[in-house]
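The structure appears right after this line, and notes come after that.
The values are calculated or read from the model by the stated rules, or taken from the named source; none is laboratory data. The structure displayed is predicted, hence computed values, not measured ones. Neighbour counts run over all protein chains shown; Cβ positions are idealised from the backbone, glycine included. Calculation scope for accessible area: heavy atoms of the full protein, side chains included, ligands and nucleic acids excluded. Shrake-Rupley method; radii C 1.70, N 1.55, O 1.52, S 1.80 Å.
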Amino acid sequence: MIYDYIVIGGGASGLMFASQLKNNKSLLLEGSPSFGTKLLISGGGHCNITHGGSIKDFVDCYGEAGRRIRTCLYKHSNLELIKLLEDNGIATYANEENKIFPVSMRARDILDLLISRAKANGWSLHANAKVKAITEQGETILVHTEDETYEARRVVIATGGITYPKTGSDGSMFEILKSLGIEVTELHSVLAPLTPEGYPYGELAGIAFPDAVVTTGTTKKDRHTFRDALLFTHKDLSGPAILNISRYTPEGTEFSINYIPDVEDPFKELVAAVASSHANYANIVADTFGVPKRFAEIIVSRAQGTRKATASRDGISLKCIVELLTNDRFIVKERGDNGMVTMGGVSLKEISTSTMELKNHPGIYVIGEALDVDGITGGYNLQFAYSSAMAASS
Ligand SMILES: Cc1cc2nc3c(=O)[nH]c(=O)nc-3n(C[C@H](O)[C@H](O)[C@H](O)COP(=O)(O)OP(=O)(O)OC[C@H]3O[C@@H](n4cnc5c(N)ncnc54)[C@H](O)[C@@H]3O)c2cc1C
């Protein structure tokens, strides 16, 4: 039998594709024992499926790739995805940051919907069917697993990236694609925590700043800034502000943190507070800027350690304290390999971004995270899984 479609990869994008296309000569091959494992852990199991607001604002959320996938996003937007879910009985809600979740807060509900729609569309879904090779024979494409060779007119690569390999997305497909002469850009784990050199906040694990500004780069071109929550863990910095900047901060890069971005003139405020109080500096810093006391203690002792000529009456430079609060500079020692998405993948130069078909391999399509597209936190990656799947299936 020659299948009309074979989808390789039963994650978010592969299942979205199968759930949209009616065809009873279609097969989906998933390498791991179960479908949608990464989808199930998305959003901490709650699945932040997309973001609210205008689709135009999405374009800036995928680094350099944003402009190139604009048409695909506009054509198959967040509103279309939300409507699809709502029309199929999955009510959604937007949290205070406009991130969209199912009201049930269960990623499982979304996975169940995709699987049941794919089956209703006539698809055969095979788990434990890891694809080892793809070959082309005229207009027919052969897909080889350990035990079988399947033939298809069209093949959709939906095998994801390299992060969280235990979910099945182990990057093995990239070698297969390279062997076909397809360009795969350098692969990195991003949306990852950052371990700075001389990390001073390990003992503050669990302390979070709801609104911090993280910046890297010095020129207009390489400067990137994210304003969001930031979290100290025992060994690294995490939270959305850090995860989002991580694609721009490989090992050795410098970045800085402003923990109090809303304070207009922190130096003036600190000088005034010190003049009117006999409390120790840590207490003054904590009270004046509303930061945790233990954090203020570390800031003050670091300021003491980096004493400058402008030292105040206690030998501690207020300027130095303010500098650490507003421009705490670090060098990245390690960018975690446990990032949530992969930067890099099949080069966008290889595909038509309106159909996701490979230009030099007609009949083979690439969708989702297998492409060189990665979004920031907030539902942008699952939105692209959907938009690209829709573009390929229409
Ligand atoms: C912890 C975590 C939380 C996340 N939370 C969110 C979130 O809330 N919102 C959001 O937008 N994004 C989130 N993401 C990112 C999002 O889950 C992914 O971008 C998305 O799942 C990518 O979909 P995909 O179908 O392209 O790849 P995947 O979901 O990775 O699916 C790829 C599938 O292909 C299979 N496969 C791989 N190689 C082969 C092969 N050779 N043969 C057969 N099958 C193969 C894999 O087993 C896997 O099932 C999160 C990611 C992680 C790790």
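Brief remarks follow.
- Candidate set from segment 38-52 (those that are more than 6 Å from the ligand (Cβ to nearest atom), within 14 Å of ASN78 (Cα to Cα) and not β-branched (Val, Ile, Thr)); member that is surrounded by the fewest Cβ atoms within 10 Å (Cβ to Cβ): GLY52
- Exclusive hit being more than 13 Å from the ligand (Cβ to nearest atom) and open to solvent by less than 50 Å² (accessible area, probe 1.4 Å), set TYR5, TYR62: TYR5
- Of all residues in segment 93-111, those satisfying the criterion of being open to solvent by 30 Å² or more (accessible area, probe 1.4 Å) and assigned to a strand (DSSP E or B) are TYR93, ALA94, LYS99.
- THR149 vs. criteria open to solvent by 70 Å² or more (accessible area, probe 1.4 Å), polar (S, T, N, Q) and either in contact with a Cys (Cβ under 8 Å, 6 or more places away or on another chain) or not assigned by TED's automatic domain parsing to the domain that holds THR233 (or both): yes
- Within segment 147-159, the set of residues being hydroxyl-bearing (Ser, Thr, Tyr) and either within 20 Å of ALA389 (Cα to Cα) or part of a loop (DSSP other than H, G, I, E, B) (or both) comprises THR159 only.
- Positions within segment 349-384 being more than 12 Å from the ligand (Cβ to nearest atom) and either polar (S, T, N, Q) or open to solvent by less than 30 Å² (accessible area, probe 1.4 Å) (or both), in sequence order: GLU350, ILE351, SER352, THR353, SER354, THR355, LEU358, ASN360, HIS361, GLY363, ILE364, TYR365
- One residue alone among ILE55, ILE69, ILE100, ILE90 is among the β-branched types (Val, Ile, Thr) and within 13 Å of the ligand (Cβ to nearest atom), and that residue is ILE100.
- Single residue of SER13, SER32 found to be among the polar types (S, T, N, Q), within 6 Å of the ligand (Cβ to nearest atom) and in contact with a helix residue (DSSP H, G or I) (Cβ under 6 Å, 6 or more places away or on another chain): SER13
- Of everything in segment 117-146 that is assigned to a helix (DSSP H, G or I) and in contact (Cβ under 8 Å) with a residue 60 or more places away in the chain, the residue that is surrounded by the most Cβ atoms within 10 Å (Cβ to Cβ) is ALA118.
- Unique match (being in contact with a Gly (Cβ under 7 Å, 6 or more places away or on another chain) and either more than 12 Å from the ligand (Cβ to nearest atom) or not assigned by TED's automatic domain parsing to the domain that holds ARG329 (or both)) among GLY202, GLY198, GLY122, GLY160: GLY160
- Count of segment 216-249 residues which are among the charged types (D, E, K, R), in contact (Cβ under 8 Å) with a residue 40 or more places away in the chain and under 20 Å from GLY344 (Cβ atoms): 1
- Within segment 5-56, being part of a strand (DSSP E or B) and under 19 Å from the mean Cα position of the chain (by Cα) holds for THR50, HIS51.
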